[in-house]
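**Student:** Take this structure, written in structure tokens, and hold onto it; I'll ask about it next.
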Amino acid sequence: MRAERQVLFWMGAALILVLLIGLLKEILLPFVAGMVIAYFLNPLAGMLERMGLLRLWASVLILLVAIIAFAAVLIFVVPLLATQAQQFAIALPDEVERLRGIVDTWARERLGPRYPALQSGLTQAMEGLSQNWAGIASWIASSLWDQSRTVVNFVSLILVTPLVVFYMLLDWDPMLEKINGWLPRVHAPAIRQLASEVNDAVSAFIRGQGTVCMILGAFYAAGLTAVGLKYGLLIGIMTGILTFIPFVGWALGIITATTLAVIQFWPDVVPVAMVAGVFLAGQAFDAGFLSPNIVGSKIGLHPVWLIFSLFVFSYLFGFVGVLVAVPVAAAIGVLMRFALKVYLTSPYYSGAPAVLAAGSGKPGGETSRI
């Protein structure tokens, strides 16, 4: 088969896959979530297996511990988050009015006769925010409801996802062996090499960045709660979740937390500085220790490309797209770098015949342990 026909074949297969995901996106969430969780936990299952535990019992043990941890979060953490979110929604108009008063007083003292020019725009902005907060909250709630559709989908997420996790953990190695047997024999070494590089990039995000998000979420929540900031637990955990978007999550967190600190503590600047200090310490902890040691540089995604992929996949596939955006973007990055390497050694680039080494794959039928 000529190279051009192979390219057309794989492009057609990728297009069909994308169309299927688009058609089935409403029911894919439990399965995608299960596969992501299984991928995250697979190294732990492998470690237990190497310690002498059968794969079946290793999978059962991991699933039981994960269910207990999830139940603990539902019982102890989710009610606190729900309470703080409800309190925040109720108090938002008053908080906006209080912020308006603080800004008004500060601007009147600093600007003097120039203040009336600012006052009109400030009043309109604050009134618009105060009047529309209910609409914004309603839009967010309706968006979340549209993604889940009904309570049935939520129940399916709770019931189906653990089953997907269990069977994926149990059948991981046989599944990889079977996929290895399906590879075209001529290109199998190069495909294994690419699969290994894709695995490095995807695992750096799912396992590495996922761990970083959990650590930073706990750090920010504990720090803001210790400072005494209202809604500190909610803001800290949400900032940790959004940390997977470089700089964006941290920036949103520090802006929100600092604004609420000004509303709550002003004119005492010490607690406001302490809130900002929590975020600066978290950023330093992340940049100096967490990301270099846990994530490394294997994701290989420019922040702009990462943000773009999140927008595109969330627009096309909803919440399922958010789950797979960065891993898929990382995989596409690996394939694009390989395609560029092929192009730079091809006659299309040099104008002369050239032969590209397929790349050293793993010998024999060994499968890359993804």
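The values are calculated or read from the model by the stated rules, or taken from the named source; none is laboratory data. These numbers were taken from a predicted model, which means no experiment stands behind them. Every residue, glycine as well, gets a Cβ built from its backbone with ideal geometry; the counts of neighbours run over all protein chains shown. For accessibility, only protein heavy atoms count, side chains too; no ligands or nucleic acids. Shrake-Rupley method; radii C 1.70, N 1.55, O 1.52, S 1.80 Å.
**Student:** Does Val262 fit the bill of being assigned to a helix (DSSP H, G or I) and touching a Pro at 6+ places or on another chain (Cβ under 9 Å)?
**Tutor:** No, not satisfied.
**Student:** Ile68 versus (1) modelled with pLDDT of 90 or more; (2) surrounded by 11 or more Cβ atoms within 10 Å (Cβ to Cβ): which is the lone unmet condition?
**Tutor:** (2)
Per-residue answers, yes or no, for (1) out of contact with any strand residue (DSSP E or B) (no Cβ under 6 Å at 6 or more places or on another chain); (2) open to solvent by 40 Å² or more (accessible area, probe 1.4 Å); (3) assigned to a helix (DSSP H, G or I); (4) at negative phi:
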residue: Val165; (1), (2), (3), (4): yes, no, yes, yes
residue: Met175; (1), (2), (3), (4): yes, yes, yes, yes
residue: Ile179; (1), (2), (3), (4): yes, yes, yes, yes
residue: Arg185; (1), (2), (3), (4): yes, yes, no, yes
residue: Ala195; (1), (2), (3), (4): yes, no, yes, yes
residue: Ala201; (1), (2), (3), (4): yes, no, yes, yes
residue: Arg207; (1), (2), (3), (4): yes, yes, yes, yes
residue: Cys213; (1), (2), (3), (4): yes, no, yes, yes
residue: Phe219; (1), (2), (3), (4): yes, yes, yes, yes
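**Student:** Any residue at all in the range 342-362 that's surrounded by 12 or more Cβ atoms within 10 Å (Cβ to Cβ), modelled with pLDDT under 75 and in contact with a Leu (Cβ under 8 Å, 6 or more places away or on another chain)?
**Tutor:** Checked against the condition, which is being surrounded by 12 or more Cβ atoms within 10 Å (Cβ to Cβ), modelled with pLDDT under 75 and in contact with a Leu (Cβ under 8 Å, 6 or more places away or on another chain), the range 342-362 yields at least one hit.
**Student:** Sticking with this one: Between residues in the range 42-61 that are in contact (Cβ under 8 Å) with a residue 24 or more places away in the chain and among the basic types (Lys, Arg) and residues that are open to solvent by less than 30 Å² (accessible area, probe 1.4 Å) and part of a helix (DSSP H, G or I), which pairs lie under 8 Å by C-beta distance while being six or more apart or on different chains?
**Tutor:** Hits for this filter: Arg55/Ala45; Arg55/Leu169.
**Student:** Is one or more of the residues making up the range 301-319 open to solvent by less than 40 Å² (accessible area, probe 1.4 Å), within 15 Å of Val202 (Cβ to Cβ) and modelled with pLDDT under 80? Quick ask: steps written out before the conclusion?
**Tutor:** Just the residues of the range 301-319 that are open to solvent by less than 40 Å² (accessible area, probe 1.4 Å), to begin with: 301, 306, 309-310, 313, 317-318.
Then drop every residue that is not within 15 Å of Val202 (Cβ to Cβ), which leaves 301, 306, 309, 313.
Subsequent filtering for residues that are modelled with pLDDT under 80 retains 301, 306.
Yes - at least one qualifying residue is present in the range 301-319.
**Student:** Can I ask one more? With the structure loaded, tell me whether Val36 is at pLDDT 80 or above, in a helix (DSSP H, G or I) and over 29 Å from Pro184 (Cβ atoms) or whether it fails that test.
**Tutor:** No, not satisfied.
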